[in-house]
1. Within the stretch 234-249, take every residue that is surrounded by fewer than 12 Cβ atoms within 10 Å (Cβ to Cβ) and more than 13 Å from Glu43 (Cβ to Cβ) and give me the one that is modelled with the highest pLDDT.
2. Filter the stretch 106-118 down to residues that are without any contact (Cβ under 8 Å) to a residue 12 or more places away in the chain and outside any helix (DSSP H, G or I) and give me whichever is surrounded by the fewest Cβ atoms within 10 Å (Cβ to Cβ).
3. Residues to consider are Ile36, Ile9, Ile41; find the one that is in contact with a Leu (Cβ under 7 Å, 6 or more places away or on another chain), touching a residue at least 40 places away in the same chain (Cβ under 8 Å) and either within 30 Å of Leu101 (Cα to Cα) or part of a helix (DSSP H, G or I) (or both).
4. So, in the stretch 119-150, how many residues would count as being in a helix (DSSP H, G or I) and closer than 19 Å to Leu72 by Cβ?
5. Among the listed residues Asn224, Asn170, Asn174, Asn137, which satisfies the condition of being touching a residue at least 60 places away in the same chain (Cβ under 8 Å) and of a type in the set (S, T, N, Q)?
6. Spot the failing condition for Ser155; the list is (1) polar (S, T, N, Q); (2) more than 18 Å from the chain's Cα centre (by Cα); (3) within 22 Å of Asp219 (Cβ to Cβ); (4) in a helix (DSSP H, G or I), and only one is missed.
7. Quick check on the stretch 17-33: of everything there that is in a helix (DSSP H, G or I) and touching a residue at least 24 places away in the same chain (Cβ under 8 Å), which residue is farthest from the chain's Cα centre (by Cα)?
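The values are calculated or read from the model by the stated rules, or taken from the named source; none is laboratory data. Not measured: the values here are computed from a predicted model. Here the Cβ positions follow ideal geometry from the backbone for every residue, glycine too, while neighbour counts run over all protein chains shown.
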Amino acid sequence: MLIDHIGKIIYLFFPNDTTYWVNYSFSIVGRIAFPIFVFLIIEGFYHTSNIKKYFIRLGIMAGIIGLAEIILALIPSLNMVDTLFKSGNIFIDLILILGTLFLFNQKDPRVKFLALAPILYFVVSLLFQNETIYIYNDVIKGILSGFLAQYSFVSPLIIILFLIISYIYNVLINSKFDEETLANIDQMSFRRDIRINSYVITITALSLLMYTLTYFVTDASVLNTSCAINTYFILAVIPIFFYNGKLGKTNIYIKSAYYLFYPLHLGIIFLITYIVSLF
């Protein structure tokens, strides 16, 4: 993620052929990050002891990133309105994915049906960002930039594919083994393995879809994503496949550092690059 953002911000301030390929190369490495983020959201959902606090933490981060994007977008001299509008706010994606999981896993069918609401939010974000719904006023665009999803096409695909594949996986498992056999299995490890395998299949399928779309989608703005670069999502399959399900070393300081790293590293890279661009 750090490498990805370094490339993007350098190209933003110094657009030329050399920085374009630096950005592209760094973006290949960066494609590993988002699928892992989503996987950790999924694991976090199944392991968190307090889903409300989980939503609050993500909401606070979404607010910080959103406010920063709005402020930057509204500074006329930076001329970043369109860039930030299309970039969106990645924590909006993460909240919506967590919300989809939370609603879909409720027992009440009426509540489960509400899982379509976060998916609809992604669709609306995409319609704004690909200018199907066109915003003429730059101030409104600047304000909206903090509330739109970043991967408005990819994020809903990931969570929908994951839910479908994991459902099919569970059906196949239940049809293959009887209740007594399943009862004697370590359920926590068993369910974890199903999630890992389902997610690996999801990212593999998504990467292949992105590769296929490179032959059909010539205008990246239509999906607000580069199909070519997103084929490298498949690189994330390697660390995810070897995930052992164990919680790493953590305390309040480490947990806070993980959350704060995102806004801090963006701010530092942006500030350094901006100062250099003045000379």
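1. By that ranking, first place goes to Ile238.
2. Among those that are without any contact (Cβ under 8 Å) to a residue 12 or more places away in the chain and outside any helix (DSSP H, G or I), it is Lys107.
3. Values: Ile36 fails: in contact with a Leu (Cβ under 7 Å, 6 or more places away or on another chain); Ile9 fails: in contact with a Leu (Cβ under 7 Å, 6 or more places away or on another chain).
Criteria check complete, one pass: Ile41.
4. Start the filter on the stretch 119-150 by keeping residues that are in a helix (DSSP H, G or I), which leaves 119-129, 138-144.
Now drop any that are not closer than 19 Å to Leu72 by Cβ, which leaves 125, 128-129, 138-144.
Total meeting the criteria: 10.
5. Asn224
6. Of the numbered conditions (1) polar (S, T, N, Q); (2) more than 18 Å from the chain's Cα centre (by Cα); (3) within 22 Å of Asp219 (Cβ to Cβ); (4) in a helix (DSSP H, G or I), the odd one out for Ser155 is (2).
7. Out of the qualifying residues, it is Tyr24.
One line per residue, one yes/no per condition, for (1) farther than 24 Å from Gly142 by Cα; (2) among the β-branched types (Val, Ile, Thr); (3) surrounded by fewer than 17 Cβ atoms within 10 Å (Cβ to Cβ); (4) at pLDDT below 95:
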{"site": "Gly66", "(1), (2), (3), (4)": "no, no, no, no"}
{"site": "Ser77", "(1), (2), (3), (4)": "no, no, yes, yes"}
{"site": "Thr83", "(1), (2), (3), (4)": "no, yes, yes, yes"}
{"site": "Leu94", "(1), (2), (3), (4)": "no, no, no, no"}
{"site": "Leu98", "(1), (2), (3), (4)": "yes, no, no, no"}
{"site": "Phe102", "(1), (2), (3), (4)": "yes, no, no, no"}
{"site": "Tyr121", "(1), (2), (3), (4)": "no, no, no, no"}
